């Protein structure tokens, strides 16, 4: 039984985990850097431990400090949230070796799916279609790489095997750009992930980004909770997500969901996870799996009524998955807007003190946020300050409620992306669901050129 959980994260996800633990009657330990001592989740936790100074490398990424905090507080489980150490297989292994329960998949599953090349090979074995590519890591022979790119067909993407979030990613339009792009990707990948392994992938023009949420226990049971559309993004960073994905046939949706369930069983996967795909209107192409709870898990919770974080904790505690696929229902439509402390046009970070904060309310409105009036946003961490989520009987009502919620939301003292979201929601193409992963980039390009 899990009795006390160390929350190895910060911000809204730390508060989200705390609330799930509270519902389950589980004690909590909030970890924090020295500048996060006044955070809401720190004050609400049963216990708190300062694990280092502001830089994440000295606090939230400090594995010995996190494990030491679990030891001194007599906790018996650690929840990594998302980001930081959440998909670090070495961390998961150290947690288990130290005698604690890691609330997430096994280190082996994280390691396999964390390497994009291995993940693609694994998914191909279970029958998922992958984007045409090099089929393995790139070597040092530039002539061989040129031949591979020619076989795939330009334009191609250079991607980091250990990557994510757009780091190490380069679009190559033709052979003349290949050498310099490889050099930049190698350097960026090595600096960002400590691994310079690269691979090639066919560039798909204007696909949608669709993902499948799964839950699986240690007894071979697995279910999917439907899909999400995460196509509104900039520089591979998602800004708006919704569930279910718009304009996907029931037959295609059910087939893809079942393939993901099969993949979970083949992997002996446990906990929450997300399979991510590019969709060209007729075919889904697997691109990666996130072995953690996603930022956008909220929209799936809104349409299914299932608390994904609580299920994560129960599964890690040894419980059998209580959900049956034929009992899971998708009710209505939900949309999430990520509110970042960034300039709404340039998306440059905007640290500072929030002088006034007023969250929206009303039917079908949910706000996940750790901020409050007089809260100080530092430049040391991610700029996400709130997630506004709305639910409606259909997509039209969910959009309408989101527009109302953003009108009510007040965050004074720093720049935010509220206006950017409002702009997107007014676009006729968005309202029709005629979007793709480059939709927001085109809007921003038009703004900056006018």
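The values are calculated or read from the model by the stated rules, or taken from the named source; none is laboratory data. Predicted model only: the values in this text are computed from it and were never measured. Positions of Cβ are backbone-derived with ideal geometry, glycine not excepted, and every protein chain shown enters the neighbour counts.
Of all the residues that make up the range 26-49, how many are assigned to a strand (DSSP E or B) and in contact with a helix residue (DSSP H, G or I) (Cβ under 8 Å, 6 or more places away or on another chain)? Can you show your working first?
Of the range 26-49, the ones assigned to a strand (DSSP E or B) are 27-33, 47-49.
Filter once more, so that each one left must be in contact with a helix residue (DSSP H, G or I) (Cβ under 8 Å, 6 or more places away or on another chain): 27-33, 48-49.
Counting residues in the range 26-49 that are assigned to a strand (DSSP E or B) and in contact with a helix residue (DSSP H, G or I) (Cβ under 8 Å, 6 or more places away or on another chain) gives 9.
Is it true that residue 219 is within 17 Å of residue 103 (Cα to Cα), touching a residue at least 12 places away in the same chain (Cβ under 8 Å), touching a helix residue (DSSP H, G or I) at 6+ places or on another chain (Cβ under 8 Å) and in a loop (DSSP other than H, G, I, E, B)? It would help to see each step written out before you state the result.
On the way: within 17 Å of residue 103 (Cα to Cα): yes; touching a residue at least 12 places away in the same chain (Cβ under 8 Å): yes; touching a helix residue (DSSP H, G or I) at 6+ places or on another chain (Cβ under 8 Å): no; in a loop (DSSP other than H, G, I, E, B): yes.
Spelling it out, it is not the case that residue 219 is within 17 Å of residue 103 (Cα to Cα), touching a residue at least 12 places away in the same chain (Cβ under 8 Å), touching a helix residue (DSSP H, G or I) at 6+ places or on another chain (Cβ under 8 Å) and in a loop (DSSP other than H, G, I, E, B).
Screening residue 353 on (1) within 23 Å of residue 233 (Cβ to Cβ); (2) in contact with a strand residue (DSSP E or B) (Cβ under 7 Å, 6 or more places away or on another chain) shows it passes everything except condition (1).
Among the conditions (1) touching a residue at least 60 places away in the same chain (Cβ under 8 Å); (2) closer than 18 Å to residue 365 by Cβ, the only one that residue 310 does not satisfy is (2).
In the range 97-112, the qualifying residues are those that are closer than 20 Å to residue 27 by Cα and in contact with a helix residue (DSSP H, G or I) (Cβ under 7 Å, 6 or more places away or on another chain), and the one that is surrounded by the most Cβ atoms within 10 Å (Cβ to Cβ) is 103. Scanning the range 182-202 for residues that are buried (at least 17 other Cβ atoms within 10 Å of the Cβ) and in a loop (DSSP other than H, G, I, E, B) yields 196, 197.
In the range 393-407 there is at least one residue that is within 25 Å of residue 39 (Cα to Cα) and in the same structural domain as residue 248 (by TED's automatic domain parsing). Run down 226, 164 and say which single residue is outside the structural domain of residue 345 (by TED's automatic domain parsing), within 25 Å of residue 259 (Cα to Cα) and within 17 Å of the chain's Cα centre (by Cα). Checking each option against the conditions leaves just 164.
Taking the listed residues 301, 266, 276, the one that is in contact with a helix residue (DSSP H, G or I) (Cβ under 9 Å, 6 or more places away or on another chain), in contact (Cβ under 8 Å) with a residue 60 or more places away in the chain and not assigned by TED's automatic domain parsing to the domain that holds residue 88 is 266, with no other qualifying.
Conditions tested, residue by residue: (1) under 24 Å from residue 82 (Cα atoms); (2) modelled with pLDDT of 95 or more; (3) more than 18 Å from the chain's Cα centre (by Cα); (4) not assigned by TED's automatic domain parsing to the domain that holds residue 169.
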{"position": "305", "(1), (2), (3), (4)": "yes, yes, yes, yes"}
{"position": "321", "(1), (2), (3), (4)": "yes, yes, yes, yes"}
{"position": "326", "(1), (2), (3), (4)": "no, yes, yes, yes"}
{"position": "348", "(1), (2), (3), (4)": "yes, no, yes, yes"}
{"position": "366", "(1), (2), (3), (4)": "yes, yes, yes, yes"}
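When the range 50-87 is filtered for residues that are without any contact (Cβ under 8 Å) to a residue 40 or more places away in the chain and either under 17 Å from residue 382 (Cβ atoms) or not in a helix (DSSP H, G or I) (or both), the ones remaining, listed by number, are 50, 51, 52, 53, 57, 58, 59, 61, 62. The residues of the range 431-443 that are surrounded by fewer than 20 Cβ atoms within 10 Å (Cβ to Cβ) and either outside the structural domain of residue 352 (by TED's automatic domain parsing) or under 22 Å from residue 401 (Cα atoms) (or both), listed by number, are 431, 432, 433, 434. For the range 135-148, does any single residue satisfy the condition of being crowded, with 19+ Cβ neighbours inside 10 Å, modelled with pLDDT of 95 or more, outside any loop (DSSP other than H, G, I, E, B) and within 25 Å of the chain's Cα centre (by Cα)? Within the range 135-148, none of the residues are crowded, with 19+ Cβ neighbours inside 10 Å, modelled with pLDDT of 95 or more, outside any loop (DSSP other than H, G, I, E, B) and within 25 Å of the chain's Cα centre (by Cα).
Here is a yes/no grid of residues against (1) in contact (Cβ under 8 Å) with a residue 40 or more places away in the chain; (2) at negative phi:
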| position | (1), (2) |
| --- | --- |
| 334 | yes, yes |
| 345 | yes, yes |
| 351 | yes, yes |
| 362 | yes, no |
| 379 | no, yes |
| 387 | yes, yes |
| 399 | yes, yes |
| 402 | yes, yes |
| 406 | yes, yes |
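The set of residues in the range 235-253 being loosely packed, with under 13 Cβ neighbours inside 10 Å and either without any contact (Cβ under 8 Å) to a residue 24 or more places away in the chain or touching a strand residue (DSSP E or B) at 6+ places or on another chain (Cβ under 8 Å) (or both) consists of 249, 250, 251.
Residue 15 falls short on exactly one of the conditions (1) in contact with a helix residue (DSSP H, G or I) (Cβ under 8 Å, 6 or more places away or on another chain); (2) outside any helix (DSSP H, G or I), and that condition is (2). Comparison of 414, 410 shows that the only residue that is buried (at least 20 other Cβ atoms within 10 Å of the Cβ) and touching a residue at least 40 places away in the same chain (Cβ under 8 Å) is 414.
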